[in-house]
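Notes for the one structure printed next.
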Amino acid sequence: MRRSPTRRLYAAMLLAASVLAPMAVAPAPAVHAAGLDQHGQAGQHGQDHRSGPHGGDDCPPGGLGPELTAELDRTIEDVRKQAGIPGVVVGLWLPGKGSYVHAGGVADTATREPMSADTRIRIGSETKTFTVTALLELVDDKLVGLDDPISAYVPGVRNGDRITLRQLAGMRSGLFPYTADADFVHDLLSDPYRSFTPRGVLAYGMKHKNTFKPDARFQYSNSNLVLLGLVIEKVTGQKLRQVIHERVLRPAHLHNTLFPTGAEFPEPHAHGYTDQTLSGETEDATDWNPSWAWAAGAMISDLHDLRRWAKVVATGELLSPATQAQRLRTRPTGFPGLGYGLGIFETGGWIGHNGSLPGYETVTVYLPSQKATMVIMINTDSLSGGQEPSTLLARAVTQIATPGNVYDGSASQEPAAPANSLKRPERGVAHPDGSCVATAPVGSGLTPAPPPPAPPIAPPPVPAGRCRR
């Protein structure tokens, strides 16, 4: 789903009727990334030859054929230029048919360094899939129960004796999203390099009343995942990043994925560009500190690992069949064609999650019916025509490659937001169309109907005609 910190963090984003002007980035030639085999040797252009635990899924060499490859190349570059995306990496693996890896544009708008398929990227809300996987492993180990109340692990949560871990993972708790709090937005954007603590960010949301009774409906809230991160730490006695490394990354053979302690960002990585700023001007957000997103959106990965992770999380390789079945039991979100399970969504048959936080967006999904995988990584989160650029790319790619299973959503079904409303606090998290949903300021951007009345929130300075994520 898309969301804040990740998923967009900083706070709400873009009026539905507004159209973002594309960033002034001169087009760079698109290139097919040479895949690497298990020995690190260059493979043929346009395909990924990596084998071993990360590959070997019956994707024959030779790409997807000259006609389909050329059509994908043209379409991706058209979307990239029209949406003002500096750089893009798209990976598509279709067992029995072939594979395709495309890198286009630039990783750095100042030096004009080309985008590379080997780049690392901040994955925003895709972090949620890792956090919830760690939680579900504890369920399998009988150390926690999905229907345990959050009050059994974290004191001080409003209505915590009635809100369960299952409701937190499924975005049905009713807790106010801390990223929708005006003070949080101001504090973050005033100093995006500062460090936040999990309990510190939760305090912003806890100032507000809950938006609805537990399990009444769906509302994307990063507060839910931060609480689950605290549960994991309490039960294991370890830091969340250590638990995810030992219980998730290591057994999944994800060697280029990490949970940072601060703003560190291993090379090679693309520079990220965002207009989620107090001035509304585009800035380089590469070294902004993602600590505010923590369990909801702080992690870093690359194409190689995300390809592997798409299948692991969608098929439940690290979980018992019974627990994976509970995870994939999606419920309506209020958006046609979009269901949300436990830290995972389904749309058009694709299962996975997307991510967005200032400067970066990703999509990592798996299509069980074809055993196909798609990964998209871009170095901007600035909306285009009210939609997330990663969603525009995912829709365009699947319309060509898997026309019977299109990653899509309809922004036209959502009303326009009032000028200067604090919209889409969980931007990037939810509906695959990535549009700015018009709800009351307490809304998450995923909820079609306004939540119960809540104290009005004064939005931070926002350029005319825009609502920030």
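The values are calculated or read from the model by the stated rules, or taken from the named source; none is laboratory data. Quick caveat, the model's predicted, so the values are computed rather than measured. All Cβ positions, even for glycine, are placed from backbone atoms using ideal geometry, and neighbour counts span all protein chains on display. Just the protein is used for accessible areas: all its heavy atoms, side chains included, with ligands, DNA and RNA removed. Shrake-Rupley method; radii C 1.70, N 1.55, O 1.52, S 1.80 Å.
Would you check if residue 156 is surrounded by 18 or more Cβ atoms within 10 Å (Cβ to Cβ) and over 21 Å from residue 276 (Cβ atoms)? Steps first, answer last, please.
Values: surrounded by 18 or more Cβ atoms within 10 Å (Cβ to Cβ): no; over 21 Å from residue 276 (Cβ atoms): yes.
So residue 156 fails the test.
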Self-check item: Failed condition for residue 247, given (1) in a helix (DSSP H, G or I); (2) under 15 Å from residue 342 (Cα atoms)
Solution: (2)
Practice problem: Filter the range 387-400 down to residues that are outside any helix (DSSP H, G or I) and over 15 Å from residue 347 (Cβ atoms), then give me how many there are. | Solution: 0
Quiz prompt | Subset of the range 309-331 (residues that are in a helix (DSSP H, G or I) and surrounded by 14 or more Cβ atoms within 10 Å (Cβ to Cβ)) | solution = 309, 310, 311, 312, 313, 314, 315, 323, 324, 326, 327
Quiz item: Any idea how many residues of the range 225-248 are under 19 Å from the mean Cα position of the chain (by Cα) and in contact (Cβ under 8 Å) with a residue 60 or more places away in the chain?
Solution: 8
Practice problem: Provide a single number: the residues in the range 258-294 that are over 21 Å from residue 182 (Cα atoms) and buried (at least 24 other Cβ atoms within 10 Å of the Cβ). | Solution: 3
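If only one of 165, 225, 188, 175 is at pLDDT 95 or above and touching an Asp or Glu at 6+ places or on another chain (Cβ under 6 Å), which one is it?
Values: 225 fails: touching an Asp or Glu at 6+ places or on another chain (Cβ under 6 Å); 188 fails: touching an Asp or Glu at 6+ places or on another chain (Cβ under 6 Å); 175 fails: touching an Asp or Glu at 6+ places or on another chain (Cβ under 6 Å).
One residue alone meets the criteria, 165.
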Self-check item: Positions within the range 111-125 being open to solvent by less than 70 Å² (accessible area, probe 1.4 Å) and assigned to a strand (DSSP E or B), in sequence order
Solution: 120, 121, 122
Self-check item: Candidate set: the range 386-410, residues that are small (Gly, Ala, Ser) and out of contact with any helix residue (DSSP H, G or I) (no Cβ under 8 Å at 6 or more places or on another chain); chosen: the one surrounded by the fewest Cβ atoms within 10 Å (Cβ to Cβ)
Solution: 404
Exercise. Could you please find all residues in the range 358-386 being within 30 Å of residue 277 (Cβ to Cβ) and in a strand (DSSP E or B)?
Key: 360, 361, 362, 363, 364, 365, 375, 376, 377, 378, 380, 384
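Pick from 128, 81, 142, 97: which is among the basic types (Lys, Arg) and over 30 Å from residue 397 (Cβ atoms)? I'd like the intermediate steps shown before the answer.
Working: 128 fails: over 30 Å from residue 397 (Cβ atoms); 81 fails: over 30 Å from residue 397 (Cβ atoms); 97 fails: over 30 Å from residue 397 (Cβ atoms).
Going through 128, 81, 142, 97 in turn, the sole match is 142.
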Quiz item: Out of all the residues in the range 174-196, which are part of a loop (DSSP other than H, G, I, E, B), free of Cβ contacts under 8 Å to residues at least 60 places away in the same chain and closer than 30 Å to residue 275 by Cβ?
Solution: 175, 191
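Quick check on my filter: what residues within the range 128-156 are of a type in the set (A, V, I, L, M), closer than 26 Å to residue 339 by Cβ and in a loop (DSSP other than H, G, I, E, B)?
Within the range 128-156, 144, 146 qualify.
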Quiz item: Does residue 355 meet the test of being part of a strand (DSSP E or B) and without any contact (Cβ under 8 Å) to a residue 12 or more places away in the chain?
Solution: no
Self-check item: Tally, over the range 78-98, of residues that are open to solvent by less than 20 Å² (accessible area, probe 1.4 Å) and either farther than 20 Å from residue 305 by Cα or of a type in the set (A, V, I, L, M, F, W, C) (or both)
Solution: 11
Practice problem: State which residue is nearest to residue 206 (Cα to Cα) when the search covers only the range 125-163 and only residues that are among the polar types (S, T, N, Q) and in contact with a strand residue (DSSP E or B) (Cβ under 6 Å, 6 or more places away or on another chain). | Solution: 125
Quiz item: Which of the residues that make up the range 204-230 are of a type in the set (A, V, I, L, M), within 13 Å of residue 157 (Cα to Cα) and surrounded by 23 or more Cβ atoms within 10 Å (Cβ to Cβ)?
Solution: 226, 227, 228
